[in-house]
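J.: Dropping the structure in here first, questions after.
The values are calculated or read from the model by the stated rules, or taken from the named source; none is laboratory data. None of the values given here were measured: they were computed from a predicted structure. With ideal geometry, Cβ positions are generated from the backbone for all residues, glycine too; neighbour counts draw on all protein chains shown. These accessible areas exclude ligands, DNA and RNA; they are computed on the full protein's heavy atoms, side chains included. Shrake-Rupley method; radii C 1.70, N 1.55, O 1.52, S 1.80 Å.
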Amino acid sequence: SDAICNFVICNDSSLRSQPIIFNPDFFVEKLRHEKPEVFTELVVSNITRLIDLPGAELAQLMGEEDPKLPGANSTASGFFRSLMSLKRKEKGVVFGSPLTEEGIAQVSQLIEYLHKNLRAEGLFRVPGNSIRQQILKDALNSGTDIDLDSGEFHSNDVATLLKMFLGELPEPLLTHKHFHAHLKIADLTLFDEKGNKTSTPDKERQIEALQLLFLILPAPNRSLLKLLLDLLYQTAKKQDKNKMSAHNLALMFAPHILWPRNVTANDLQENITKLNNGVTFMIKHSQKLFKAPAYIRECARLHYLGSRAHTSKDDLDLLTSPGSKELLQPLKSQKRSRLDTCHQEETQQRTEEALKELFRHVHNMPDSAKKKKLIRQFNKHPTALTPGSEVPTSPAPRRTRSRSFSGLIKRKVLGTPVILERRSRDATPESERVSKENIHLLQKCGSPAHMSQAKLKSLEGRKEESCRRMRTHLLSKDSSSL
């Protein structure tokens, strides 16, 4: 299924030599069109992670409330809005109408022509001829074919007409719903070492926030914005010829791209500088703003392919929408299995190290019956001495027989004295000291995987039995002397 985006099988031999176009935002666009609610919630949840939007402004961004804009309550602004609505009814299919794909197809002719004529000095600032502009405007509204390369129109005519088209749209290109979000993006600045805000803009966060905001623009607005910003970017690159920098172009286009409709400079006041600087930033970084962030692409891909590709914790935290909860299930199970495997490997490694340490300690012990007995126990499980082998399971402990003290006295006194002397000779203080060290080591390194608790108790019982044998031997000497 991953091959969907990597290659296309083509049976037409005439097309096989053509380059294959790979769109990294394929699943992003698919999710946007097929499940717009899931897509919007995913994007907005990340926008609120970057900028602080109060409840009312967030509701306006989501389209749940009407935008509250500067100067919206004034009588003059209401009069201008009603006047503009009456004018729009008299307009043609392109100018003054809501933005559509058909309108963009008409206006794209102007943009293509301007790309070929970016060296004109004062482009977008010097007005063109009003008569030629009206002829061109009527032609666009009627949908007739226009030959802009015939020399009948000047580049300043076309540039002025493009600004006129944007100015007559019912709302700015970035829409009224996004107005407050763009003001917050302008306030994103870096922090110093103490965590205090500085006056230096945080460009990375601003670019990321603009990428997310552009994703939830209406499709016609986003298409035209991309064409326009690319044109302004190319124009600013030739400012040595046309004398139009990115800031100069922002002053020309900020009222059409970002300013709310029918407001004056007095209505904006403190925000004019932010808005103009914001458009300047868009022009300078336009080549990065129409790419979806990597985590959005990954979320969209996982939504359709259900892949278990590695995803960081921050990316998983972004899957907050109800429609994308099923994406978390395979990732959570993968994380649990990975943690269980790591825990088992770590436990087995510690077990093998403890076994090797115990084996070295036993071999360094002085020669004694206890050392031989421990070596025999290791020989029963030779796989425990090789690294990487499975940890042997300890056998069931043998049940020790209980012996009464009086019975021991009888057997030792009346039994064979040779055996008593040999046992008393073996039970030297040195062997008793080694026995104590072995028991201490086994208690320290012992675990269910190496030496069972029943074995430790058995060893302690054998030590006590050895002490009882010593006492019996002393008693037998006393009784023989008597």
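J.: Quickly work out the ASP52-to-SER108 label distance, labels modelled 7 Å from Cα along the C-beta direction, and quote it in nm with one decimal.
T.: 4.3 nm
J.: Let me ask something additional. So how far apart, in nm, are the two label points at LEU251 and LEU305 if each is 7 Å from Cα heading toward Cβ?
T.: About 4.9 nm, to one decimal.
J.: Further question: Provide the gained length on full extension for the span GLN377 to LYS203, in nm with one decimal, where the gain is 0.36 nm per separating residue minus the Cα-Cα distance.
T.: 55.8 nm
J.: Let me ask something else about it. How far apart, in nm, are the 7 Å Cα→Cβ label points at LYS241 and ALA59?
T.: The answer from the label model is 5.2 nm.
J.: Same structure again: At 1.4 Å probe size, put GLU65, GLU34 in order of accessible surface, largest to smallest.
T.: In descending accessible area the options line up as GLU34, GLU65.
J.: If R₀ is 60 angstrom, what is the calculated FRET efficiency for the pair LYS163 and GLN349, using the beta carbon separation as r and rounding to 0.05?
T.: Efficiency, from the Cβ-Cβ distance: 0.25.
J.: Right, another one. Give me the accessible area of HIS33, 1.4 Å probe, in Å² rounded to the nearest 10.
T.: 130 Å²
J.: Please give the solvent-accessible surface of LYS116 in Å², to the nearest 10, using a probe radius of 1.4 Å with every protein chain present.
T.: The value for LYS116 is about 140 Å².
J.: How large a share of the accessible area of the stretch 242-282, in percent, is made up of carbon and sulfur atoms when the probe is 1.4 Å and the other protein chains stay in place?
T.: 50 percent
J.: Sticking with this structure for a sec: Which FRET efficiency value, to the nearest 0.05, do you get for LYS226 and ASP149 by plugging their Cβ-Cβ distance into 1/(1 + (r/R0)^6) with R0 = 25 Å?
T.: Efficiency, from the Cβ-Cβ distance: 0.55.
J.: Ordering VAL38, VAL28 by how much accessible area each has at a 1.4 Å probe, largest first, what is the list?
T.: Sorted by accessible area, descending: VAL38, VAL28.
J.: Cut-off 16 Å, label point 7 angstrom out along Cα-to-Cβ of GLN234: give me the residues of the stretch 281-297 whose amide nitrogen falls inside.
T.: Backbone N within reach: 283-284, 286-288.
J.: Ordering GLU193, GLU357, GLU298 from largest to smallest accessible area (1.4 angstrom probe), what's the sequence?
T.: If we order GLU193, GLU357, GLU298 from most to least accessible, we get GLU193, GLU357, GLU298.
J.: Using R₀ = 25 Å, calculate the FRET efficiency as 1/(1 + (r/R₀)^6) where r is the Cβ-Cβ separation of ASP66 and GLU29; round to 0.05.
T.: Once the sixth-power term is evaluated, E becomes 0.30.
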